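Worksheet for the structure shown next.
The values are calculated or read from the model by the stated rules, or taken from the named source; none is laboratory data. None of these values were measured; they are calculated from a predicted model. For neighbour counting, all protein chains shown are included, and Cβ atoms are generated from backbone atoms with ideal geometry for every residue, glycine included. Heads up: the accessible areas ignore ligands, DNA and RNA and are worked out on the full protein's heavy atoms, side chains in. Shrake-Rupley method; radii C 1.70, N 1.55, O 1.52, S 1.80 Å.
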Amino acid sequence: MKDFLSIIDCPVDFLKELLDMSTALKALYRTGGRDLCLAGRTLAMLFEKPSLRTRISFQVAMTDLGGSPIYVKPEDIGGLGKREPIKDMARVLSRYVDGIMARTFEHKAVMDLAEFATVPVINALTDWSHPCQAMADVLTIREHCGRIEAVNLAFVGDGNNVARSLAFAAARLGMKMVVACPAGYELDEETIRRANQISPDCVRQTAEPSDAVADADIIYTDTWVSMGQENEKAKRLADFEGFQVDMKMLEAAPAGVKVMHCLPAYRGFEISDQVAESPNSIMFDQAENRLHFQRALLKKLLS
Ligand code: CP
Ligand code: NVA
C-alpha cells in the first residue's frame, strides 16, 4: 500500500496491522518511550478546509516520530489545482518531501495527488470519505467493547463522508452497521452495495433512529452540515428534526450503550449537551485515538 485514500482499498491484514501498531505505539508513548523511525523525514500537510483534530494530531504524530510536518494553507500555494495542476504539485512535492496528506473538497483531488506523487498520499478527509477518522474510531471501539467483530454500530444522522468510511470499516473488519438517515440524506446505494459485497448484510439503512439503536453497542453521530454545505444549513436543520442523539434515544438503546462523535459537535443539533457530557460518551477517547492511529499510519507508510 503506497497511499491511504479509502478503507475499501485496504486489505484486512493491513488494517489489522495498523490497529495493532496503534495500540503498541499508544502504550509506548504513554510510558515515556519514543520511536524516532521518521527522523529526517518530512510530511506536507495540505488543507482546503478547517481542522483542529486532524491538523494537530498529524503534526504531533509526525514530530513524535522524529519527523517534520509542514502545514500548507490553500492561500499559501494559490489554491489546490488553481495556480497549477494537481498533477504538477504532486510531482514537485515528491521531490521535496517523504509524504503528503491532504484535506480537500473533491475526493478526486487526493486521487490525483496519489496518482502523480511518488511518495505516499494520505486522505485527511474529503467530501467522500474520512478514513483516518474511521480507523481511529475502530481502535476506540476495540478498546471499549473488547472486540470489533459483531459490534453493532448505529449511525444516526447524515449519510456523509464519515458514515461512508465507517461502512467500509464495518465491511472490512466485521462490524454490523445500521444507518438511520432522514429521506434524501441516506448513504448512497453504491456504498451499501460495495460494503455488503465484501461482508454480506454488514450494512443496512433505516429511516427510524429507534430501529437503528435498538440493539446498538455504539451510537455514532456527526454534524448535519458538513464543511462546504453551509448554504444548506437552514434546510438541513429542518430536515434532520427527530434525529438528534438525546437522552430519549439512549433510553431506546441497550443500557450502557456508548456514544461516539467524530467532532466538532454542534450541541443542540445532532447531539444534546446532556448526551455529550454523559458517561456514555466516549468522544474524547475517540479524538485522542486520532493521534495514536496516525502515528501508526505514518510509521507504516513513511518509514
Ligand atoms: N474529526 C475531525 O476530523 O476533526 P477536524 O475537522 O477538527 O480535523
Ligand atoms: N462530516 C464532517 C466531518 C468533520 C470532521 C465534515 O465533512 O465537515
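In nanometres, what is the gap between the two model label sites at Val60 and Gln274, each 7 Å from Cα along Cα-to-Cβ?
Between Val60 and Gln274, the simple spin-label model gives 3.2 nm.
Report the full-extension gain for the segment Ala24 to Tyr96: residue separation times 0.36 nm, less the Cα-Cα distance, to one decimal in nm.
Fully extending the segment from Ala24 to Tyr96 adds 22.9 nm.
Assuming a ≥ b ≥ c are the square roots of the Cα gyration tensor eigenvalues, decide whether region 207-269 counts as rounded (a/c under 1.5), prolate (otherwise, with a/b larger than b/c) or oblate.
Working: a/c = 2.64, a/b = 1.83, b/c = 1.44.
Prolate, since a/c reaches 1.5 and a/b exceeds b/c.
Which sequence of Glu149, Glu189 reflects their accessible areas, 1.4 Å probe, from the largest down? Don't skip to the end; give the middle numbers.
Details: Glu149 95, Glu189 140 Å².
Order by accessible area, largest first: Glu189, Glu149.
May I ask you to rank Thr126, Thr63, Thr31 by accessible area, largest first, using a 1.4 Å probe over the protein chains only? Walk me through the numbers before you get to the answer.
Values: Thr126 0, Thr63 80, Thr31 120 Å².
Largest accessible area first, the residues go Thr31, Thr63, Thr126.
Estimate the FRET efficiency between Ala255 and Tyr71 by the formula 1/(1 + (r/R0)^6), using the beta-carbon distance for r and 35 Å for R0, to the nearest 0.05.
Details: r = 44 Å, r/R0 = 1.25.
Approximately 0.20, to the nearest 0.05.
In Å, what Kirkwood hydrodynamic radius results for region 2-135 from the alpha-carbon pair distances?
Numbers: mean 1/r = 0.0649 Å⁻¹.
Every distinct Cα pair counted, the radius reaches 15.4 Å.
Grab the Cα-Cα distance for Phe14 and Lys248, subtract it from 0.36 nm times how many residues apart they are, and report the gain in nm with one decimal.
Values: separation 234, 0.36 × 234 = 84.24 nm, distance 3.91 nm.
Working it through step by step, the gained length comes to 80.3 nm.
Can you give the accessible area of Asp211 in Å² (nearest 10), computed on protein heavy atoms with a 1.4 Å probe?
Its accessible surface works out to 60 Å², give or take rounding.
Given a 1.4 angstrom probe, what's the average accessible area per residue across the chain, in square angstrom?
That works out to 42 Å² for each residue.
Compute the length gained on full extension between Arg267 and Thr118: take 0.36 nm times their separation in residues and subtract their Cα-Cα distance, giving the result in nm to one decimal. Display every interim value, and only then the final one.
Details: separation 149, 0.36 × 149 = 53.64 nm, distance 4.22 nm.
Net length gain for the segment: 49.4 nm.
Between Ala39 and Asp201, what is the label-point separation in nm under the 7 Å Cα-to-beta-carbon projection?
Calculated label separation equals 5.4 nm.
Please list Cys202, Cys37 from largest to smallest accessible area, probe radius 1.4 Å, with all protein chains kept in place. Don't jump to the answer; show the numbers that get you there.
Details: Cys202 0, Cys37 40 Å².
So, going from the largest accessible area down, we get Cys37, Cys202.
Volume per residue, Å³, of the convex hull around the alpha-carbon atoms of region 18-67?
Numbers: hull volume 4.3 nm³, N = 50.
That works out to 86 Å³ per residue.
For the chain, evaluate the Debye formula with one uniform point scatterer on each Cα (no solvent term) and list log10 I(q)/I(0) at q = 0.08, 0.15 Å⁻¹, rounded to two decimals.
At q = 0.08, 0.15 Å⁻¹ the computed log10 ratios are -0.33, -1.18.
Taking only DSSP H segments of four or more residues, each worth -39500 (n - 2.57), what value at 222 nm results for the chain once the sum is divided by all its residues, to the nearest 500 deg cm²/dmol?
About -13000 deg cm²/dmol.
Ignoring ligands, DNA and RNA, what percent of the 1.4 Å accessible area of the chain is carbon and sulfur? It would help to have the intermediate numbers written out before the result.
Numbers: 6510 of 12610 Å².
Of the solvent-accessible surface of the chain, carbon and sulfur hold 52 percent.
What figure, in Å² to the nearest 10, do you get for the accessible area of Glu277 with a 1.4 Å probe and non-protein molecules left out?
120 Å²
Once you've got the GNM for the chain with C-alpha springs shorter than 10 Å, pick whichever of Glu75, Glu48, Glu115 has the biggest mean-square fluctuation.
Residue with maximal mean-square fluctuation among Glu75, Glu48, Glu115: Glu75.
Rounded if a/c is under 1.5, else prolate if a/b is larger than b/c, else oblate: which is region 180-303, with a ≥ b ≥ c the root eigenvalues of its Cα gyration tensor?
It is rounded, given that a/c, with a ≥ b ≥ c, falls under 1.5.
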